[in-house]
Amino acid sequence: FTSYRNSSDIETFANQDGDTDNGLGGFQLDQARINLKGSVDDYRYKLSFDISSGSATLKDAYATFNLGDTVTSTMGVYKTPFLRSGLISSNRQLFHSDRTSTGGAWAGRNAGLNFGGDFDTLHWDIGLQNDISHTGDFGGTAVPTGDNGDAEGEDLFIYARVAADLMGEGIAMQEGAYGASDDTALNAGLSYGNEGGHKDGSVIAVDAAFTQGPFYAGFEILDYDDGSDAGGGATSYGMGWVPLPGVDSGPGAREVADTTPWTVTLSYMITPDEWEVAFCYADSDNDD
């Protein structure tokens with residue numbers, strides 16, 4: 001993915017004349033991805049690398065295997081199954097490399113163990129991952145790993161998620177009305193997460209996706225408790241911060257302790273499966 005971006009509020013490095021007042025206005029390579037998938041006997045695996053920076057950065061590295069007829073286990077480095085928009089592949093997003101600010105905060109990958117399965121129209125996940133900050137994918141923006149956890153220490157991030165098709169026959173794991181049927185479809189999810197580290201912060205999230213013919217709507221809302229602050233300086237991300245590219249990285253910019261951020265996304269397919277217009281609004285429930 002490539003894009004042209006312009007903003008007078010985001011400054012880049014000085015130009016050749018030494019002018020430091022150099023607003024963003026240029027092309028960037030948002031993503032270049034290599035994916036490897038395969039299977040060995042009853043085990044399936046995935047390896048993926050991002051090479052947009054000029055060197056290969058490991059993204060996914062996990063194996064999955066069945067436990068009986070109804071439960072699938074995943075072990076390795078994988079996306080945290082917390083918000084629907086965070087789990088959607090970047091090539092199936094409305095804004096390509098940009099997720100919602102809430103979905104981007106939970107699109108990061110950690111090492112851990114997940115158990116999941118399906119029951120009729122319901123899907124569930126429960127698991128453990130290393131208690132480190134989630135980094136996410138934010139439009140090619142390099143996001144540093146924070147110190148909001150103890151990495152491979154004994155404290156773990158615990159999560160659980162359940163999602164159900166409440167209307168219709170399900171919605172594909174994508175954003176927008178591309179390929180959607182004329183019938184009404186609604187999917188809703190409920191998630192819980194708790195950091196076992198020094199902050200011991202928990203968060204509850206609700207998300208929903210709706211399609212009807214050319215219309216699509218998505219909604220996410222999270223409730224962070226007062227133990228979810230960063231506590232680690234300006235480079236901490238994850239549960240302690242709502243990532244907002246281009247916003248100053250101080251605590252006032254991304255701190256989410258005792259806040260309820262939410263986002264809403266709307267789109268309309270002008271020409272069936274060809275041209276679609278989309279709108280996204282985010283409220284961080286803080287000074288931003």
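I want to confirm something. Restricting to region 94-120 and keeping residues that are open to solvent by 70 Å² or more (accessible area, probe 1.4 Å) and not in a strand (DSSP E or B), which single residue is modelled with the highest pLDDT? So, considering only residues that are open to solvent by 70 Å² or more (accessible area, probe 1.4 Å) and not in a strand (DSSP E or B), the one modelled with the highest pLDDT is Asp120. Counting only residues that are buried (at least 17 other Cβ atoms within 10 Å of the Cβ) and part of a strand (DSSP E or B), region 209-218 holds 6 of them. Only residues that are more than 21 Å from Thr80 (Cα to Cα) and at pLDDT 55 or above were counted in region 230-258, giving 1.
Among residues of region 159-176 being in contact with a Gly (Cβ under 7 Å, 6 or more places away or on another chain) and modelled with pLDDT under 95, the one that is least open to solvent (accessible area, probe 1.4 Å) is Tyr159. Within region 67-74, is even one residue hydrophobic (A, V, I, L, M, F, W, C), at pLDDT 90 or above, closer than 25 Å to Thr121 by Cα and part of a strand (DSSP E or B)? So far as region 67-74 goes, yes, one or more of its residues are hydrophobic (A, V, I, L, M, F, W, C), at pLDDT 90 or above, closer than 25 Å to Thr121 by Cα and part of a strand (DSSP E or B).
Looking at the structure I just gave you, is Tyr224 modelled with pLDDT of 80 or more, surrounded by 15 or more Cβ atoms within 10 Å (Cβ to Cβ) and over 21 Å from Gly86 (Cα atoms)? It is false that Tyr224 is modelled with pLDDT of 80 or more, surrounded by 15 or more Cβ atoms within 10 Å (Cβ to Cβ) and over 21 Å from Gly86 (Cα atoms). Scan region 69-85 for residues that are open to solvent by less than 60 Å² (accessible area, probe 1.4 Å) and either more than 16 Å from Asn114 (Cα to Cα) or not aliphatic (A, V, I, L, M) (or both) and report the count. Summing the residues that are open to solvent by less than 60 Å² (accessible area, probe 1.4 Å) and either more than 16 Å from Asn114 (Cα to Cα) or not aliphatic (A, V, I, L, M) (or both) in region 69-85 gives 11.
Check whether at least one residue in region 12-21 is aromatic (Phe, Trp, Tyr) and either within 26 Å of Ala107 (Cα to Cα) or at pLDDT 90 or above (or both), and report yes or no. No, that holds for no residue. May I ask you to say which residue of Phe219, Phe215, Phe279 is among the aromatic types (Phe, Trp, Tyr), modelled with pLDDT of 90 or more and closer than 28 Å to Leu24 by Cβ? Only one candidate qualifies: Phe279. When Gly25, Gly54 are checked against the criterion of being open to solvent by 20 Å² or more (accessible area, probe 1.4 Å), assigned to a strand (DSSP E or B) and of a type in the set (Gly, Ala, Ser), Gly25 stands alone in meeting it.
The values are calculated or read from the model by the stated rules, or taken from the named source; none is laboratory data. Worth saying up front: this structure is predicted, and the values here are computed from it rather than measured. A quick note on method: Cβ atoms are made from the backbone with ideal geometry, for glycine too, and the neighbour counts reach across all protein chains shown. Keep in mind that these areas ignore ligands, DNA and RNA; they rest on the heavy atoms of the full protein, side chains included. Shrake-Rupley method; radii C 1.70, N 1.55, O 1.52, S 1.80 Å.
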